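**Q** Got a structure for you, written out below as structure tokens; questions coming shortly.
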Amino acid sequence: MQHVLVVGATSAVAQAFIRERARRGERLTLVARSAERLSPIAADARVRGAAEVVTHVLELTDVSAPAAVLETVAQAPVMAALIAHGSLTDSARAEDDAAYLAQELTVNMTSACLWAQALAVHMANHGGGTLAVISSVAGDRGRGSNHAYGAAKAGLTAFCSGLRARMRQRSVHVLTVKPGFIDTPMTAHVERKGVLWASAEQIARGIDQAMIRRRDVVYLPGFWRLIMTVVRLLPEPLFKRLRF
Ligand SMILES: NC(=O)c1ccc[n+]([C@@H]2O[C@H](COP(=O)([O-])OP(=O)(O)OC[C@H]3O[C@@H](n4cnc5c(N)ncnc54)[C@H](OP(=O)(O)O)[C@@H]3O)[C@@H](O)[C@H]2O)c1
């Protein structure tokens, strides 16, 4: 039976992932910042068949948070993990509010890197495992409409790439997940959602399959690989003029 840990367990994508893992009867450790939001998710996982569900409520951005959680799982080491928390930064506010910008970069990059680092070492010390980290296609190229969010995800993607190489011979597989648009609370403000949009369930299924297949980097849905190839190839003088 796998012991799976999910950071940012209240995210819509994480919830879909948890439902699937619960159905398989796995042991789950769920980590989030809100007890009120986490409690029904844990209850639902128990009803669906999870072997055991343990919850941790703490500030995910606290540097001591990963160690505090991992200390508690020494008896049943984590073999698979998903890091899912993130915040879609308001680029206009970030222009004038330095504290907000710093907090957003911390949530989207630094804290995710700290969790990834701690989980990778934990797995390496306990026989290996698979670590999936949700980055974004936004990290493939900095855009004017989401410069801070994109930069944080770019940093996270690069961190995961290096971590994957460092952990290669220590039986830890690091998967970087790059979703495109997902219909979740994060994007609830977007009124018109077209053909490029995916559901949280679709993305969770893609993550699950990529973990099983031990993929390194996965675009979800897969057509985003082609879109981002074109986006990366656009010359900068043209790219900086685009309003997207
Ligand atoms: N939605 C998209 O279009 C899209 C596209 C590409 C990548 N992604 C990435 O996919 C992942 C999952 O997002 P989602 O779409 O499932 O969004 P979501 O349902 O809105 O979930 C966001 C998660 O991040 C947590 N979070 C937000 N700010 C936080 C903070 N300051 N400290 C700690 N936790 C915080 C939320 O916790 P609370 O429940 O407590 O608020 C929630 O668990 C994120 O990494 C996101 O960047 C999303």
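Values in this text are rule-based calculations from the coordinates and carry no lab data. What you are looking at is a predicted structure, and each value in this text was computed from that prediction instead of being measured. FYI the Cβ positions are ideal-geometry reconstructions off the backbone, even for glycines, and counts take in every protein chain you see.
**Q** With a cut-off of 8 Å between alpha carbons and a minimum separation of six or more residues, what is the relative contact order of segment 3-239 in percent?
**A** 18 percent.
**Q** Please list, short to long, the whole-number percent of alpha-carbon pairs of the chain in consecutive 5 angstrom bins beginning at zero.
**A** For the chain, the binned pair fractions read 1, 6, 14, 18, 21, 18, 11, 6, 3, 1, 0, 0 percent.
**Q** A further question follows. Per residue of the chain, what 222 nm ellipticity follows from adding -39500 (n - 2.57) for every DSSP H run with n ≥ 4, rounded to the nearest 500?
**A** -14000 deg cm²/dmol
**Q** With 10 angstrom as the radius, rank Lys178, Lys153 by how many other C-beta atoms surround their C-beta, starting from the fewest.
**A** The most exposed by this proxy come first: Lys178, Lys153.
**Q** How long are the semi-axes of the ellipsoid equivalent to segment 146-218, from square roots of 5 times the Cα gyration tensor eigenvalues, in whole Å, largest first?
**A** 27, 17, 7
**Q** So between Met186 and Leu234, what do we pick up on full extension, going 0.36 nm a residue minus the alpha carbon distance?
**A** Length difference between fully extended and current span is 14.5 nm.
**Q** Rounded to the nearest 5, what % of the DSSP beta bridges within the chain are antiparallel ones?
**A** Counting DSSP beta bridges with both partners in the chain, the antiparallel share is about 0 percent.
**Q** Taking Cα centroids, how far is segment 205-244 from segment 1-50 in Å?
**A** For segment 205-244 versus segment 1-50, the Cα centre distance is 27 Å.
**Q** Could you rank the peptides 6-14, 165-173 by their average count of other C-beta atoms within 10 Å per residue, with the highest value first?
**A** Ranking, from highest mean packing down: 6-14, 165-173.
**Q** So, by mean Cβ neighbours within 10 angstrom, what's the order for 106-118, 64-76, 84-96 with the highest one leading?
**A** 106-118, 84-96, 64-76
**Q** Does anyone have the angle between helix 223-233 and the longest principal axis of the chain? Alpha-carbon axes, 0 to 90°, nearest 10?
**A** 40
**Q** Sticking with this one: How tilted is helix 147-167 with respect to the longest principal axis of the chain? Cα atoms for both, answer in degrees (0 to 90, nearest 10).
**A** Tilt relative to the chain: about 50 degrees.
**Q** How would you order 186-197, 213-224 from highest to lowest mean count of nearby Cβ atoms within 10 Å?
**A** Output ranking for 186-197, 213-224: 213-224, 186-197.
**Q** Any chance you could run the full-extension gain for Ile227 through Leu58? It's 0.36 nm times the residue separation minus the Cα-Cα distance, nm to one decimal.
**A** 57.1 nm
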